[in-house]
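The values are calculated or read from the model by the stated rules, or taken from the named source; none is laboratory data. Not measured: the values here are computed from a predicted model. Every residue, glycine as well, gets a Cβ built from its backbone with ideal geometry; the counts of neighbours run over all protein chains shown.
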Amino acid sequence: MTLLSIKDLKSSFITRDGMVRAVNKVSLDVFENETLGLVGESGCGKTVLALSILRLLSENTVVEGEIIYKEQDLIKLGEKEMRNIRGREIAQIFQNPLSSLNPVLTIGLQVSEPFMLHRGMKLAEAWKNAISMLRAAKIPSPTERGKEYPHQFSGGMRQRAMISMGLACSPELIIADEPTKGLDVTIQAQIIELMRELVNDRGASMLIITHDLAVASELCNRIAVMYSGEIVEISGIKDFFSSPAHPYCKSFLSSLPLNGMKPISGSSPSLIDVPEGCRFHPRCEYAYERCRTEHPEIYTLEKGRNVRCFLYA
Ligand SMILES: Nc1ncnc2c1ncn2[C@@H]1O[C@H](COP(=O)(O)OP(=O)(O)OP(=O)(O)O)[C@@H](O)[C@H]1O
Ligand code: SF4
Ligand SMILES: [Mg+2]
């Protein structure tokens, strides 16, 4: 069953230099009980896509298309309805918890907030639930540590606190944007394991943005790859790693240390001035005449595999 269905989403920023077309005609479904990975090089539009779903983009943005969640189009919802969805139904876990946590409130109080706001609990009951949540996120001595402030927590513990906050109201969908960025490798592995446990236990779905394909391979059922504001491939995780279909994905996998670190030549195009034809054509070793003039649509390679490339037309 589909939980979230994004159709032809376009998110553009109006800037002094022109329109930045950060997300271009993206269509993507997130199914119930699945973890979908979203990967792609820096600046390709992953965060803008996540913020578009949560309606957290700045004023200078034009968003078009549909984001259907439980038969309602999130793009059309009023701010009040959207506030109810955020946190209660769709949770966000972003990188750098220090900037998301309030420095002058204790961790326990901050994790209590969603229980009060979305579940109508009084402080004492919310606090009890918050401490259980911190315990579930494996924060040691949660009763004592709940009384501490964010600066008294290590980076890993802060991210655990953020995860507790995100999962407090048992959301159906979790959107995690590079949740382990900036943490030590061992801590990263622990956080990923924790997220896997908590998400599976609660039967939630997750859209996780990551640079790290190892994380994607461990956590995700399916993977969506973005290039220059567009989705270029959606595949099951095993198919993707054993036989990536899109030329960009083939190069992307070859650029990993495990596969010899062959870098992809050239750089990704500016999102203000995208190349005509296939956006990847200046860097694609398979490019032919049609690729320089026509823009490929998404083709279905087989059930569950979609690729934006003329080689599969
Ligand atoms: N508020 C904004 N105004 C103008 N342009 C923006 C704004 N926010 C993002 N962009 C541009 O949109 C594009 C996509 O940015 P985005 O943050 O989504 O990339 P990303 O894929 O998340 O990259 P990273 O992996 O580095 O986090 C970039 O070119 C970025 O400069
Ligand atoms: S459409 Fe052409 S340029 Fe684009 S990825 Fe496919 S082969 Fe390469
Ligand atoms: Mg980002």
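Assorted remarks:
- Taken together, ILE75, ILE68 contain a single residue that is over 12 Å from ILE231 (Cβ atoms), touching a Ser or Thr at 6+ places or on another chain (Cβ under 7 Å), crowded, with 16+ Cβ neighbours inside 10 Å and β-branched (Val, Ile, Thr), which is ILE68.
- Residues in segment 5-25 that are at pLDDT 95 or above and loosely packed, with under 14 Cβ neighbours inside 10 Å: ASP8 alone.
- Cβ-Cβ contacts under 6 Å between residues 6 or more apart (or on different chains), taken from a first residue in segment 115-133 that is of a type in the set (Val, Ile, Thr) to a second residue that is at pLDDT 95 or above, are listed as ILE131/PRO142; ILE131/THR143; ILE131/GLY146.
- When LEU258 is tested against (1) within 10 Å of ligand 2 (Cβ to nearest atom); (2) aliphatic (A, V, I, L, M); (3) in a helix (DSSP H, G or I), just one condition goes unmet, and that condition is (1).
For every residue, the table says whether it meets (1) charged (D, E, K, R); (2) over 26 Å from the mean Cα position of the chain (by Cα).
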position	(1), (2)
SER243	no, no
LYS250	yes, no
GLY260	no, yes
SER268	no, no
PHE280	no, no
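- Residues in segment 226-252 that are polar (S, T, N, Q) and either at pLDDT below 95 or surrounded by fewer than 18 Cβ atoms within 10 Å (Cβ to Cβ) (or both): SER242, SER243, SER251.
- For segment 269-313, filtering for residues that are buried (at least 17 other Cβ atoms within 10 Å of the Cβ), within 16 Å of ligand 1 (Cβ to nearest atom) and either farther than 24 Å from VAL20 by Cβ or of a type in the set (Asp, Glu) (or both) leaves 0.
- Selected residue (criterion: nearest to ligand 1 (Cβ to nearest atom)) from residues of segment 34-64 that are small (Gly, Ala, Ser) and over 22 Å from PHE280 (Cβ atoms): SER58
- Scanning segment 93-100 finds no residues that are surrounded by fewer than 19 Cβ atoms within 10 Å (Cβ to Cβ), at pLDDT 90 or above, in a loop (DSSP other than H, G, I, E, B) and among the polar types (S, T, N, Q).
Condition check ((1) part of a loop (DSSP other than H, G, I, E, B); (2) within 16 Å of ligand 3 (Cβ to nearest atom); (3) in contact with a Ser or Thr (Cβ under 8 Å, 6 or more places away or on another chain)) across all residues:
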{"site": "ARG160", "(1), (2), (3)": "no, no, no"}
{"site": "MET165", "(1), (2), (3)": "no, no, no"}
{"site": "PRO171", "(1), (2), (3)": "yes, no, no"}
{"site": "LYS181", "(1), (2), (3)": "yes, yes, no"}
{"site": "ILE187", "(1), (2), (3)": "no, no, yes"}
{"site": "ILE191", "(1), (2), (3)": "no, no, yes"}
{"site": "LEU194", "(1), (2), (3)": "no, no, no"}
{"site": "GLU197", "(1), (2), (3)": "no, no, no"}
{"site": "ASP201", "(1), (2), (3)": "no, no, no"}
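- Annotation: THR143 fulfils all but one of (1) assigned to a helix (DSSP H, G or I); (2) of a type in the set (Val, Ile, Thr); (3) crowded, with 17+ Cβ neighbours inside 10 Å; (4) free of Cβ contacts under 8 Å to residues at least 40 places away in the same chain; the unmet one is (3).
- Within the option set VAL63, VAL111, VAL48, being in a helix (DSSP H, G or I) and either away from ligand 3 (no atom under 16 Å from the Cβ) or more than 18 Å from the chain's Cα centre (by Cα) (or both) holds for one residue only, VAL111.
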